[in-house]
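Trainee: Pasting a structure below so you can have a look.
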Amino acid sequence: MDSLDILDEAFCKPSIIIDENKLSIEYLPNYLPFRENQLKTLVRYFGKIFQGQLGTKRAIITGPIGSGKTSISKKFGQWIIQKSEKAGFNHLRYIHINCRRSKTPFMILLNIARELNSKIASRGYAADELLEMIVEILETEHSTVVLVLDEIEYIIHKGGVELLYALTRTSDDKQNVNHNIVLILIARNTGFLKYLDASTNSSLGAPIIHCPPYKKNELESILNNRIGECFIPNSVSEEAIELIADIATKRGGDARHALELLLIAGKYADSEDSTIVYPEHVRKAKANVDPSLLRETLKDLAIHKLLLLYGISRRLRQTKAAYITTGEAEHSYILAAEEFGLQPRKHTQIWEYIQELELLGIIHTQKSGVGQRGNTTYISIQDTSAYELEQELVPRLQTISHTYRK
Ligand SMILES: Nc1ncnc2c1ncn2[C@@H]1O[C@H](COP(=O)(O)OP(=O)(O)O)[C@@H](O)[C@H]1O
Ligand SMILES: [Mg+2]
């Protein structure tokens, strides 16, 4: 048998997973159980758009990771587009932008502009020119766009405040306004609002649609539905489903994590020629699944923020305390920067980093409570262990720090 035969054999080997695509993060299932109220609320606020009527112009969707925020928004998008096609109303657009992936206001505007007109070149324009073009296209078409800015917290400290200001004001200096921008912002919580100026905030004075973490029985039912769509019947044991739901409940009711575990457990079962997924496959999957979100978040952080985070996690681990003060964090960061041969940033800059890390949900801050002295801010890490975070950070810092060293 040569290697080609081995490849053939692996290729022909039966799998208990019939359709892996339906387990990917991009996949939008037909039915989203436990989110009916949120979907109905969206329809209540914006439902008449497809008839050319405007009710509410803004909304904010909040909820932890994997609580279905992106899915409900896209489902609503499908619904209004379908409705408007049926009604023969062709002035409606739905544009969904992920701010973490787009990274800058410029890229966000470019992506919007190119969704509206794919011929727009990707170079040669400034951000404000792009915004002008967007408004011009919408005006010419007499269009309403439902613009979803997903994971908005990622750009708040990178020009997102100005972007939101501009997007809420596109009709200000116009006599006859022939366009509408309906904004739906998605974030883990409403923390980002405090960085907006008063007028943007008031024009965003938006209703909040919250997606709470999924409960264990809800995750079980989401898993069962999905298994029905993409696994061979009866190939996932009840115990395995329960274990996945249990793990994902402890991880903050995260449906994404549950589905990720399901896929990997399925692959372990396949690789062992087992026709059934058992709890042992889930345990293996758990041990091997990336703490993916943490990794993804870290990937987008610049070196000094990583150093600060490293300083914080190391200090938390060393002191075994639940909290450290910002002073301790700063000190620990300076040591870390020196260790990696970099010039530490100044105090005010560090303070900004702390706020940004908090907005991204990696650290939590809290003012000193009653009975504690002064006006100190305390920092904690709740979602991962400080040790795990350090383990993630060290190799990353080692790899990237020399590119910064002079
Ligand atoms: N109610 C639900 N029913 C079925 N699948 C769901 C449901 N909520 C979330 N999911 C699935 O879980 C994953 C994460 O959902 P997503 O909408 O991306 O969450 P968020 O945007 O809040 O992080 C997606 O793969 C999605 O298909
Ligand atoms: Mg999302």
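The values are calculated or read from the model by the stated rules, or taken from the named source; none is laboratory data. Remember, it's a predicted structure, so these values are computed and weren't measured experimentally. All Cβ positions, glycine included, derive from the backbone under ideal geometry; neighbour counts span all protein chains shown.
Trainee: Suppose we filter segment 211-229 for residues that are part of a helix (DSSP H, G or I) and within 12 Å of ligand 1 (Cβ to nearest atom); how many remain? Quick ask: steps written out before the conclusion?
Mentor: Here is the first cut: in segment 211-229, the ones part of a helix (DSSP H, G or I) are 216-229.
Pick out the ones that are also within 12 Å of ligand 1 (Cβ to nearest atom) and you get 218-229.
Qualifying residue count for the region: 12.
Trainee: Among all residue pairs at least 6 apart or on different chains, which show Cβ distances below 8 Å where the first residue, located in segment 386-406, is at negative phi and the second is at pLDDT below 85 and surrounded by fewer than 15 Cβ atoms within 10 Å (Cβ to Cβ)?
Mentor: 392/295
Trainee: Something else: Residue check, residue 150 against (1) within 16 Å of ligand 1 (Cβ to nearest atom); (2) under 29 Å from residue 139 (Cβ atoms); (3) crowded, with 22+ Cβ neighbours inside 10 Å, all met but one. Which one?
Mentor: (3)
Trainee: Kindly check whether there is at least one residue in segment 204-220 that is surrounded by 15 or more Cβ atoms within 10 Å (Cβ to Cβ) and under 30 Å from residue 140 (Cβ atoms).
Mentor: Yes; the residues of segment 204-220 include at least one that is surrounded by 15 or more Cβ atoms within 10 Å (Cβ to Cβ) and under 30 Å from residue 140 (Cβ atoms).
Trainee: Run residue 156 past the list (1) β-branched (Val, Ile, Thr); (2) over 26 Å from residue 78 (Cα atoms); (3) modelled with pLDDT under 90 and report the number of the one that doesn't hold.
Mentor: Failed condition: (3).
Trainee: Please give the number of the condition residue 254 fails out of (1) modelled with pLDDT of 95 or more; (2) within 16 Å of ligand 1 (Cβ to nearest atom).
Mentor: (1)
Trainee: For segment 128-210, give me every one of the strands (runs of 3 or more DSSP E) that falls completely inside it and has 1 or more residues that are of a type in the set (Gly, Ala, Ser).
Mentor: Values: elements: 144-150, 180-187, 208-210.
Strands (runs of 3 or more DSSP E) meeting the threshold: 180-187.
Trainee: Select the helices (runs of 4 or more DSSP H) contained entirely in segment 1-109, then report the ones holding at least 1 residues which are within 16 Å of ligand 1 (Cβ to nearest atom) and either polar (S, T, N, Q) or assigned by TED's automatic domain parsing to the domain that holds residue 267 (or both). Before the answer, list the steps.
Mentor: Details: elements: 3-12, 36-46, 69-86, 99-102.
Qualifying helices (runs of 4 or more DSSP H): 36-46, 69-86, 99-102.
Trainee: Kindly check whether there is at least one residue in segment 275-295 that is buried (at least 16 other Cβ atoms within 10 Å of the Cβ), outside the structural domain of residue 362 (by TED's automatic domain parsing) and small (Gly, Ala, Ser).
Mentor: Yes, segment 275-295 has at least one match.
Trainee: Looking at residue 97 and the list (1) surrounded by fewer than 17 Cβ atoms within 10 Å (Cβ to Cβ); (2) within 16 Å of ligand 2 (Cβ to nearest atom), which single condition is not satisfied?
Mentor: Failed condition: (1).
Trainee: Residue under question is residue 136, and the condition is that it be more than 19 Å from the chain's Cα centre (by Cα) and farther than 21 Å from residue 159 by Cβ; does it hold? Please lay out each step first, then the result.
Mentor: Details: more than 19 Å from the chain's Cα centre (by Cα): yes; farther than 21 Å from residue 159 by Cβ: yes.
When the stated conditions are applied, residue 136 passes them.
Trainee: How many of the residues in segment 242-265 are within 18 Å of residue 19 (Cβ to Cβ) and away from ligand 2 (no atom under 16 Å from the Cβ)?
Mentor: Within segment 242-265, residues that are within 18 Å of residue 19 (Cβ to Cβ) and away from ligand 2 (no atom under 16 Å from the Cβ) number 5.
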